[in-house]
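Colleague: One structure follows; several queries about it will come next.
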């Protein structure tokens, strides 16, 4: 468990650095959106969908609740629904 949490934090930090290096105007990938969403809310990814300007990442939390996280495609801003 601790190893997976450490890996998740490392991945998030790496993802943040990668997002800062993407060319201007290039949207983030689905994989990056999932990593950013998991940094906001730990759990298991159930589904990811695209809307016009956002990815919506559905996460099953450890306590059994399902949460939708919105990730902006252009800048990676994360918002809970």
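No value in this document is a laboratory result; all are computed from the given coordinates. Owing to the predicted nature of the structure, the values given are computational and were not obtained by experimental measurement. Don't worry about glycine lacking a Cβ; one is built from the backbone with ideal geometry, like all the others, and counts go over all protein chains shown.
Colleague: What is the range 40-81's relative contact order, in percent, from Cα pairs under 8 angstrom and six or more apart in sequence?
Modeller: Values: 79 pairs, mean separation 12.9, N = 42.
Computed value for the range 40-81: 31 percent relative contact order.
Colleague: Using a Debye calculation, one point per C-alpha and no hydration shell, please list log10 I(q)/I(0) for the range 31-73 at q = 0.17, 0.31 Å⁻¹ in order.
Modeller: -0.37, -1.09
Colleague: Order by neighbour count: 26, 50, fewest other Cβ atoms within 10 Å first, most last.
Modeller: 26, 50
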